[in-house]
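Every number in this text was worked out from the coordinates using simple rules, so none of it is lab data. The structure displayed is predicted, hence computed values, not measured ones. Here the Cβ positions follow ideal geometry from the backbone for every residue, glycine too, while neighbour counts run over all protein chains shown.
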């Protein structure tokens with residue numbers, strides 16, 4: 001909101017008296033992208049990473065609530081007063097549906113998790129803030145993450161004044177050689193590498209997936225450098241090719257190296273804002289007492305939001321219960337939808353930019369998730385985005401927004417999650433016209449050198 | 001959870017590698033109080049500050065949801081797809097029910113608030129974190145608060161590494177002379193006093209209320225010292241005496257000095273976890289652009305929790321709509337219940353400790369809210385609490401827990417909000433037995449000198 005013309009008063013503020021995070025380029029990016037999308041509401045958007053709405057139904061919500069209340073009564077022996085108290089009153093900081101989330105992890109990920117090591121959070125965003133807040137003791141603590149990477153992690157780190165140290169991505173998801181180099185560089189700078197954040201399965205924005213060998217190597221590096229791993233897994237269920245899903249890092253973790261971050265935003269629905277963190281690490285106090293890290297994280301959470309809304313947990317819990325806590329089962333239709341859309345986008349690109357022709361356009365082929373990255377022979381920047389929205393009616397995301405600094409200047413991210421087959425075809429037609437248009441222009445020297 | 005006996009692994013942590021907030025005495029206090037309450041489930045508890053559950057009904061929740069959906073359709077012209085998207089998808093960081101909260105403030109507090117200056121948060125706790133995170137730019141920024149004070153504010157400040165500077169309370173709620181002294185002391189220490197947090201109406205734990213003259217004086221001091229005021233108003237509706245309610249500080253604020261923090265936990269229900277902050281201050285950017293502080297706080301919020309659960313906002317919104325956004329009207333029964341209970345406790349104390357007799361017991365007489373403070377002729381400490389729970393079956397809260405350091409050693413807080421008349425009578429009988437028992441003991445030198 002711009003309120004220029006308004007008269008300033010003595011109690012008003014200037015940006016230099018507000019936290020530096022508010023000047024972060026990542027925030028300006030997000031605002032710019034939202035603003036462009038708002039200006040071109042009729043454009044076909046291959047930009048947002050939201051889940052499909054095709055199978056949501058408002059009538060489901062009261063049924064989920066009832067189902068959870070029935071569960072409290074039948075399986076927990078709660079009387080009516082206790083059910084009422086559970087939904088309406090404050091609850092424990094650690095959460096209400098920890099056991100249901102542990103059952104989900106057992107059924108869908110083969111993880112054997114003690115419900116007491118789960119903390120339910122207001123979306124995965126709060127889980128990241130809680131974990132980083134616990135780990136950031138002073139200005140020496142650093143979190144590493146893949147670049148290009150998820151902007152939410154950057155935001156969470158800014159909230160606790162923790163520097164984010166980038167690690168290069170390669171086709172396998174992470175350049176593990178660069179990870180080791182950066183760990184050495186962090187130490188050489190007198191800092192402490194506390195954790196490495198990544199999305200091993202179908203990352204946002206790249207769609208990359210770590211293979212099994214890389215997963216084992218990453219765990220070995222973490223042990224060698226006494227590093228915790230923050231494994232974020234919002235898209236793992238959405239595999240687009242046949243065959244077994246790969247084990248999560250947490251499933252391979254025999255040394256309690258991994259904090260597993262979960263989100264129900266894509267697998268249940270975003271409007272419940274339910275995320276969680278599994279933290280089975282032990283914490284040793286000076287008096288010799290030992291607690292679970294999950295208990296310490298719960299204390300942090302209690303100081304941020306007291307507890308995750310019980311009504312929202314109850315609704316998500318009801319959906320979990322309807323599918324015996326399998327989110328693979330709950331998302332049977334969505335898994336097919338995202339798979340179909342990913343294939344339509346990949347096939348559609350191949351038809352419009354045939355192999356062997358000199359169009360200078362290439363793309364990756366993720367085996368699941370929501371995103372495809374396209375490389376083009378021009379600067380896929382904010383100006384190109386606005387130009388394409390205005391002239392051709394198509395929206396996408398410049399990859400440069402996912403790099404902390406330089407990178408991705410001639411790449412764009414396409415999201416396949418909230419578009420119909422018809423929109424995919426029309427959107428790719430429009431994108432192809434934009435690419436043909438801009439490929440004729442001279443490339444700026446600094447991007448053509450990439 | 002104590003897991004001693006477990007074998008530690010290299011990835012486990014020690015407390016010195018976790019954030020210092022986890023060693024805060026305020027946290028240990030809360031844990032101790034919860035632990036004692038858990039050990040004596042049969043005791044009559046005059047401890048918790050939770051709202052009454054007497055009028056909650058699980059069947060209300062689907063009706064609130066429907067009411068909010070009808071409102072979206074009828075008043076906002078939303079079609080079915082748009083209603084579904086509003087409830088199930090992500091939403092804007094600033095919130096969904098800002099207009100309904102502005103109507104509540106107009107109806108119940110006489111406040112004329114632009115909905116765009118409201119940010120909806122996950123309970124008032126997140127509102128405090130968001131406000132302090134924005135204001136804390138470096139180690140020089142300090143927040144002042146009344147002592148004894150609300151522990152939630154201390155927790156929020158710990159999350160952003162911001163020192164809390166105590167100001168003395170007097171019978172009128174705040175010792176304004178001490179406020180000025182402390183502001184001078186903060187400056188003399190090379191620090192910046194950024195804000196003063198208080199609950200002007202029926203404070204937790206003291207029940208104190210600022211009179212109208214003090215409200216005006218406080219605003220004048222804030223202007224003089226270029227201080228923002230964080231006004232938290234969870235109990236203002238619950239006036240226990242006839243006559244007009246006092247205007248909020250925000251209603252008296254002609255200079256945008258006040259950030260108003262709201263909570264629906266007591267006036268709607270805690271399980272929705274809906275709070276909010278009104279921030280109509282302007283923010284000047286280096287380029288001359290002017291934004292609303294609420295927009296800056298929304299950016300902070302987006303980095304903490306993305307947005308407040310739309311399903312929880314919809315439920316709270318439905319309850320607001322059922323009462324044309326008047327929470328005074330929605331709480332007509334609760335206002336009478338708390339009023340009755342407060343009178344029962346005050347009358348019950350007067351009968352058990354008659355005026356003019358030499359029992360050494362006195363108490364304040366709040367004109368509303370949930371709390372009464374009793375002064376006793378012995379140390380009302382954790383040992384006395386445990387002793388009373390075990391021997392007499394009564395629970396209360398040692399006032400010392402609400403002081404950052406020393407203070408309140410021979411005072412206890414009684415809460416009137418979740419007890420029946422029968423429990424109040426029996427609880428006061430038991431408390432009187434405990435007081436008689438402990439009054440016979442010799443007082444420790446350091447507390448008798450207070």
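Here the simple spin-label model places points 7 Å from the Cα toward Cβ, and for residue A:225 and residue B:213 these points are separated by 6.5 nm. Ordering B:27-40, B:192-205 by mean Cβ neighbour count within 10 Å, with the highest value first, yields B:192-205, B:27-40. For chain B, the relative contact order comes to 22 percent (Cα pairs under 8 Å, sequence separation of at least 6). Plainly put, the tip 7 Å out from Cα toward Cβ on residue A:375 is 7.8 nm from that tip on each other copy, the closest given first.
Panel order for A:76, B:191, by other beta carbons found within 10 Å of each beta carbon, from fewest to most: A:76, B:191. Diffusion coefficient (Stokes-Einstein, Kirkwood radius over C-alpha pairs, 20 °C, 1.002 mPa s) for the stretch B:341-450: 151 µm²/s, rounded to a whole number. Express in % the proportion of alpha carbon pairs of the stretch B:297-398 at distances exceeding 23 Å. Cα-Cα pairs in the stretch B:297-398 separated by more than 23 Å: 56 percent. In nanometers and ordered shortest first, the copy-to-copy spacing of the residue A:41 label point, defined 7 Å from Cα toward Cβ, is 5.4. If R0 is 25 Å, the Cβ-Cβ spacing of residue A:391 and residue A:16 corresponds to a FRET efficiency of close to 0.05.
Per-residue mean of foreign Cβ neighbours for B:85-93 is 6 (Cβ atoms of other chains, 10 Å radius). Specify whether the C-alpha gyration tensor of the stretch A:124-277 places it in the rounded, prolate or oblate class, a ≥ b ≥ c being the square roots of the eigenvalues: rounded for a/c under 1.5, otherwise prolate if a/b is larger than b/c and oblate if not. Here the stretch A:124-277 falls in the oblate category. Placing a label point 7 Å from the Cα of residue A:350 along the Cα-to-Cβ line, the residues of the stretch A:360-389 whose backbone N sits under 20 Å from it are A:360-376.
Looking down the axis that turns chain B into chain A, the chain B residue with its beta carbon nearest that axis, and the gap rounded to whole angstrom, comes out as B:62, 2.
In angstrom, the C-alpha Rg and Dmax of the protein assembly as shown are 28.2, 102.
With the convex hull drawn over the C-alpha atoms of the stretch A:61-330, the volume per residue is 133 Å³. For chain A, the Kirkwood radius over C-alpha pairs fed into Stokes-Einstein at 37 °C and 0.692 mPa s yields D = 140 µm² per second. Measuring nothing but alpha carbons in the stretch B:86-211 and taking Rh as the Kirkwood radius, the Rg to Rh ratio lands at 1.02. Percent of Cα pairs in the stretch B:111-158 per distance bin of 10 Å, from zero to the largest separation: 21, 46, 29, 3.
DSSP finds beta bridges in the stretch A:61-330, and of those with both partners inside it, around 40 percent are antiparallel.
Working note: 222 nm ellipticity from helices only, DSSP H runs with n ≥ 4, each -39,500 (n - 2.57), summed and divided by the residues of chain A, gives -13000 deg cm²/dmol to the nearest 500. Taking other Cβ atoms within 10 Å as a rough exposure proxy, A:300, A:315, B:97 sort from fewest to most as A:300, B:97, A:315. Under a Gaussian network description of chain B, with springs only between Cα atoms under 10 Å, the residue in B:365, B:15, B:86 that fluctuates furthest is B:15.
Here r is the Cβ-Cβ distance between residue B:58 and residue B:333 and R0 is 25 Å; the resulting FRET efficiency, rounded to 0.05, is 0.90. Inter-part distance, the stretch A:272-331 to the stretch B:1-63, computed on C-alpha centroids, equals 14 Å.
Take each peptide in A:161-167, A:414-420, B:276-282, count the other Cβ atoms within 10 Å of every residue, and average; sorted highest first, the result is B:276-282, A:414-420, A:161-167.
Counts of other chain beta carbons within 10 angstrom of each beta carbon in peptide B:225-233 average 1.
Averaged over the residues of B:131-141, the number of partner chain Cβ atoms lying within 10 Å of the residue Cβ comes to 3. Neighbour counting of Cβ atoms within 10 Å sorts the residues B:400, B:367, B:439, fewest neighbours leading, into B:439, B:367, B:400. For residue B:188, the distances from its label point to the matching points in the remaining copies are 5.0 nm, ordered from shortest, with each point set 7 Å beyond Cα toward Cβ.
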